[in-house]
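Enquirer: Sharing a structure below in C-alpha cells format, with a few things to ask.
The values are calculated or read from the model by the stated rules, or taken from the named source; none is laboratory data. As the structure is a prediction and not an experimental result, all values here were calculated from the model. Backbone-built Cβ (ideal geometry, glycine too); neighbour counts: all protein chains shown.
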Amino acid sequence: MGKTDSIMGSKQKIINWVDEKEASIIKFLQELISVPSDNPPGDCRDIAEFIERRLKEFGIENTQRLEVDPADAQVRGLSHAQNILSIHKFGSGKQPEIVLNAYGDTVPPGLGWDYDPYDGDIVDGAIYGRGAALAKSDISAYTFALLALKEAAEDELSGQIDLAFTFDGESGGFVGPQWLLKHQFIMPDMAITSGFSRSILNAHSGCYQCRVVLTGKSAHAASPDRGYDALEAMTAVLQALYEYRRTLKNKRSQVPGIQSPTLTIGRIGGGTSINVVPDQCEIMLDRRFIPEESGEAVEAEITRIVQQACHPFKGIQLKIERVLIADTFGPTPEETPLIQSLGKNWQEAFPGKKLKVGGIPLYSDARFYSAAGIPTVIFGAGPENIDKANGYQANEHIEIEDLLQSVKIIACTLYDLLKKP
C-alpha cells in the first residue's frame, strides 16, 4: 500500500468512527443546550463544570477549569469567568500545537420559540435550541474530532491539540481566548475558532461601540428657556450620525464576503418627566468597520461628528465613553497549510459543491489568535450564515448533517497537520 493509500485508509477509519458515534455527538450537543448559559448575566459556572466533567468522562484526562480573577471578569460585565482547557499530546507532543476554540455562552433565548430553547428537540433532521448553532455545536464538533483521532489514528500522529472552551463570546472574548494567550496557557501554531461548516472564513470585520451622553439643565416645561435641552441636542447628533451612515455604503472592502461598514444606534434614553426639560440624553451606537479601516480611526471619526453636531447648543456637556473596540481579523492567506488542508477535506465531504473562502461582517475570537501571529481560520458546525440557522433569533437550529460533516472535516484536517513524517 502506497503512502496516499495509507493516508486515505486512516482517514476512512476516522470517518467511520464518526459515523458510529453519531448518536453520541448529537446527545452531547443536546446536553450542552440543556444547560442555560445566558450572557447576560454571564454566570458560566454550571456550563463550565458540566463540560469539564463530560470531557473527563470521554477520556480526555488533561482537562482543567481555569478561574479568571473576579475583578477582570466584572470589568467585562461578567459575574464570573472560567475557561475549560483540555490538552492532548500525540507522539512526542512537539509541534505543531493546534487550538480549537469555541465559546459556550449564548444570548438569552427571547420570545417566539416553537420549541423549548433548552430542550434540544430534533425536528426534520435539525437540532433546535439556544446555542445549537452559536456555538455549542462547535464544542461538540471539536470534542469529537479530537476523540476520533485518539481512537482511530493515535499512533500515526505527533503534536498537540488544545480544546479551549470559553464563556465570554458574547462579551468580546477578553477573558476567554485573550486571557488564555496572555497567560500562556496555550501557545498554538495554528487556530480554528467557532464558525460554519459550509464555508471557510479567513477574515472578519471589526467593531467600535460607544456610549454618548449629553448633559444639560432641567427646567419646568412652562419655562423651557431656563433649561438646556439635552434631547434637542441629541436630535442633532442623531441626524448627523444617520447622514454619516448613508455615506458608509460608498466604502467597499476588497475582502470577499465583507462589503461595507455599518452604523446602528441600538439604544436611546433620557428625560425624567413629561413636563420637565430633559437634562440628560444617552445613546449607544455600534459601528462595524472593514479590514481596510482601523478602530482608532473610526473612534476619532465618530467623536468628531458628535462634537460638531452638539457644539451649537449652549450649556450642553458631552461625554463619549468607549464600550468596545474589536479589531478586524485577516485575511489569512489561502495558501497556508491550515486552509489548504481544510479545503481539501471539505471537498471530500461536500463533493460537487463550491467552497467559499472569504470574510464575514461579524467579529469573533479569531482576532486574538491572528493578532498573536497565529494562522487562524473560522470553521465549525453550521450553515453558510447565521440567518439560515436563526442565530440570535427564536428557533435557532443546526442541521445534523452539517454537525457530523464538520466533525469529519476537522478531524481529517487535524490528521493531515499532525501526521508523522
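Enquirer: Have a look at PHE289, PHE313 and point out the one that is over 22 Å from SER364 (Cα atoms) and surrounded by 13 or more Cβ atoms within 10 Å (Cβ to Cβ).
Expert: Going through PHE289, PHE313 in turn, the sole match is PHE313.
Enquirer: While we're here: Determine whether GLU52 is in the same structural domain as MET187 (by TED's automatic domain parsing), free of Cβ contacts under 8 Å to residues at least 24 places away in the same chain and of a type in the set (D, E, K, R).
Expert: No.
Table: residues versus (1) touching a strand residue (DSSP E or B) at 6+ places or on another chain (Cβ under 6 Å); (2) within 26 Å of GLN393 (Cα to Cα); (3) not assigned by TED's automatic domain parsing to the domain that holds GLU156.
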{"site": "SER24", "(1), (2), (3)": "no, no, no"}
{"site": "LEU32", "(1), (2), (3)": "no, yes, no"}
{"site": "LYS89", "(1), (2), (3)": "yes, no, no"}
{"site": "GLU97", "(1), (2), (3)": "yes, no, no"}
{"site": "PRO108", "(1), (2), (3)": "yes, yes, no"}
{"site": "PRO117", "(1), (2), (3)": "no, yes, no"}
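Enquirer: Would you kindly identify the helices (runs of 4 or more DSSP H) lying entirely within the range 22-106 that contain at least 3 residues that are within 19 Å of GLY120 (Cβ to Cβ)?
Expert: Helices (runs of 4 or more DSSP H) meeting the threshold: 22-34, 45-57.
Enquirer: Looking only at the range 186-235, which residues are among the aliphatic types (A, V, I, L, M), out of contact with any Cys (no Cβ under 6 Å at 6 or more places or on another chain) and touching a residue at least 60 places away in the same chain (Cβ under 8 Å)? Spell out how you get there, then give the answer.
Expert: So the first thing to find is which residues in the range 186-235 are among the aliphatic types (A, V, I, L, M), and the list is 186-187, 190-192, 200-201, 203, 212-214, 219, 221-222, 230-231, 233-234.
Still in the running and out of contact with any Cys (no Cβ under 6 Å at 6 or more places or on another chain): 186-187, 190-192, 200-201, 203, 212-213, 219, 221-222.
Of everything in the range 186-235, those that are among the aliphatic types (A, V, I, L, M), out of contact with any Cys (no Cβ under 6 Å at 6 or more places or on another chain) and touching a residue at least 60 places away in the same chain (Cβ under 8 Å) turn out to be ILE186, MET187, MET190, ALA191, ILE192, ILE200, LEU201, ALA203, VAL212, VAL213.
Enquirer: Can I ask one more? Filtering the range 165-185 down to residues that are among the charged types (D, E, K, R) and not in a loop (DSSP other than H, G, I, E, B), which residue is farthest from ARG45 (Cα to Cα)?
Expert: LYS182
Enquirer: If we keep just the residues of the range 229-269 that are surrounded by fewer than 18 Cβ atoms within 10 Å (Cβ to Cβ) and small (Gly, Ala, Ser), which is farthest from VAL298 (Cα to Cα)?
Expert: So, considering only residues that are surrounded by fewer than 18 Cβ atoms within 10 Å (Cβ to Cβ) and small (Gly, Ala, Ser), the one farthest from VAL298 (Cα to Cα) is GLY269.
Enquirer: Any idea which residue in the range 366-395 is nearest to ALA132 (Cα to Cα), counting only those that are over 13 Å from the mean Cα position of the chain (by Cα) and assigned to a helix (DSSP H, G or I)?
Expert: ALA389
Enquirer: I would also like to ask the following. Given the residues LEU149, LEU180, LEU157, LEU163, which is the only one that is within 29 Å of ASN385 (Cα to Cα), in the same structural domain as LYS94 (by TED's automatic domain parsing) and more than 20 Å from the chain's Cα centre (by Cα)?
Expert: Checking each option against the conditions leaves just LEU149.
Enquirer: Then there's this: Restricting attention to the range 244-262, which residues are touching a strand residue (DSSP E or B) at 6+ places or on another chain (Cβ under 8 Å) and either in a loop (DSSP other than H, G, I, E, B) or at pLDDT below 95 (or both)?
Expert: Scanning the range 244-262 gives SER253, VAL255, PRO256, GLY257, ILE258, PRO261.
Enquirer: Could you please find all residues in the range 299-318 being touching a residue at least 24 places away in the same chain (Cβ under 8 Å), touching a Leu at 6+ places or on another chain (Cβ under 9 Å) and of a type in the set (S, T, N, Q)?
Expert: Hit for the range 299-318 is GLN317, nothing else.
Enquirer: Give me the residue from the range 340-361 that is among the hydrophobic types (A, V, I, L, M, F, W, C) and in contact with a strand residue (DSSP E or B) (Cβ under 6 Å, 6 or more places away or on another chain) and, out of that set, nearest to ASP168 (Cα to Cα).
Expert: Here the residue is ILE360.
Enquirer: Are any residues in the range 263-304 of a type in the set (Gly, Ala, Ser), over 18 Å from SER205 (Cβ atoms) and in contact with a strand residue (DSSP E or B) (Cβ under 9 Å, 6 or more places away or on another chain), and if so, which ones?
Expert: Of everything in the range 263-304, those that are of a type in the set (Gly, Ala, Ser), over 18 Å from SER205 (Cβ atoms) and in contact with a strand residue (DSSP E or B) (Cβ under 9 Å, 6 or more places away or on another chain) turn out to be GLY269, GLY270, GLY271.
Enquirer: Output the number of the condition that ILE60 fails; it satisfies all remaining conditions of (1) touching a residue at least 24 places away in the same chain (Cβ under 8 Å); (2) under 17 Å from PHE174 (Cβ atoms).
Expert: Condition not satisfied by ILE60: (2).
Enquirer: If a residue must be within 21 Å of the chain's Cα centre (by Cα), among the hydroxyl-bearing types (Ser, Thr, Tyr) and surrounded by fewer than 24 Cβ atoms within 10 Å (Cβ to Cβ), how many such residues does the range 91-127 contain?
Expert: 1
Enquirer: Could you tell me which of the residues LYS354, LYS408, LYS344 is basic (Lys, Arg) and under 27 Å from ASP121 (Cα atoms)? Even if it seems obvious, please write down each step before you answer.
Expert: Details: LYS354 fails: under 27 Å from ASP121 (Cα atoms); LYS344 fails: under 27 Å from ASP121 (Cα atoms).
Only one candidate passes the filter, namely LYS408.
Enquirer: Could you check how many residues of the range 328-352 are assigned to a loop (DSSP other than H, G, I, E, B), closer than 19 Å to SER406 by Cβ and free of Cβ contacts under 8 Å to residues at least 24 places away in the same chain?
Expert: So the count comes out to 2.
Enquirer: When you go through GLU296, GLU282, GLU321, GLU292 one by one, which is the residue that is of a type outside the set (A, V, I, L, M), in contact (Cβ under 8 Å) with a residue 24 or more places away in the chain, more than 15 Å from VAL212 (Cβ to Cβ) and not in a loop (DSSP other than H, G, I, E, B)? Explain how you work it out, then say what you get.
Expert: Details: GLU282 fails: more than 15 Å from VAL212 (Cβ to Cβ); GLU321 fails: more than 15 Å from VAL212 (Cβ to Cβ); GLU292 fails: not in a loop (DSSP other than H, G, I, E, B).
GLU296 is the lone residue from the list that is of a type outside the set (A, V, I, L, M), in contact (Cβ under 8 Å) with a residue 24 or more places away in the chain, more than 15 Å from VAL212 (Cβ to Cβ) and not in a loop (DSSP other than H, G, I, E, B).
Enquirer: Of all residues in the range 208-266 being touching a Pro at 6+ places or on another chain (Cβ under 7 Å) and among the charged types (D, E, K, R), which is farthest from ILE283 (Cα to Cα)?
Expert: Only one residue fits best here, namely LYS251.
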